[in-house]
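What follows is calculated from the coordinates using simple rules that are stated; it is not laboratory data. On a predicted model such as this, the values are computed, not experimentally measured, just so you know. Backbone-built Cβ (ideal geometry, glycine too); neighbour counts: all protein chains shown.
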């Protein structure tokens, strides 16, 4: 048996004071929440702050861990998704993102096209204090296991 190797990814559903949702437009995947890989030696929250700043140009206040996804298709990944609040900065996409913007929930749901990211967005928008866990496969996208992990309230 070979050693398991997973990428560790963080993502965040960021809201501004007008309760709009932050989306970035990835040059390949289209519109999505800010997300990216955790670097070696980096903790999850530091990675979250860095990824949002790199992809959207804004600082955030991290909130609760809303969902954990386990992509069991190769290349496998564990994705930790948090909620967050905008703190400061002007939108300034860079790196993999070509645009960034604030959108209503309905606008965001219409703009996100990929099945994995759309499901992720829906789960995060519906967060009720209970952290959700989903294991999934890709090509086609299919949720293989779903479990509520507990509440934050």
If you take the square roots of the eigenvalues of the alpha-carbon gyration tensor of the range 107-147 and sort them as a ≥ b ≥ c, do you get rounded (a/c under 1.5), prolate (a/b over b/c) or oblate? oblate
If R0 is 30 Å, what FRET efficiency do you get for residue 145 and residue 90 from their C-beta distance, rounded to 0.05? 0.15
DSSP beta bridges in the chain [antiparallel fraction, %, rounded to 5]: 70
Angle in degrees between helix 115-125 and the longest Cα principal axis of the chain, rounded to the nearest 10: 60
Value of [θ]222 nm, deg cm²/dmol, for the chain, DSSP H segments ≥ 4, -39500 (n - 2.57) each, nearest 500: -6000 deg cm²/dmol
Identify which of 20, 122, 28 has the largest mean-square fluctuation in a Gaussian network model of the chain, with springs joining Cα atoms closer than 10 Å. 28
If one compares the long axis through the Cα atoms of helix 44-56 with the longest principal axis of the Cα atoms of the chain, the angle in degrees, nearest 10, works out at 50
Compute the distance in nm between two label points, each set 7 Å from the Cα along the Cα-to-Cβ direction, one at residue 73 and one at residue 16. 3.4
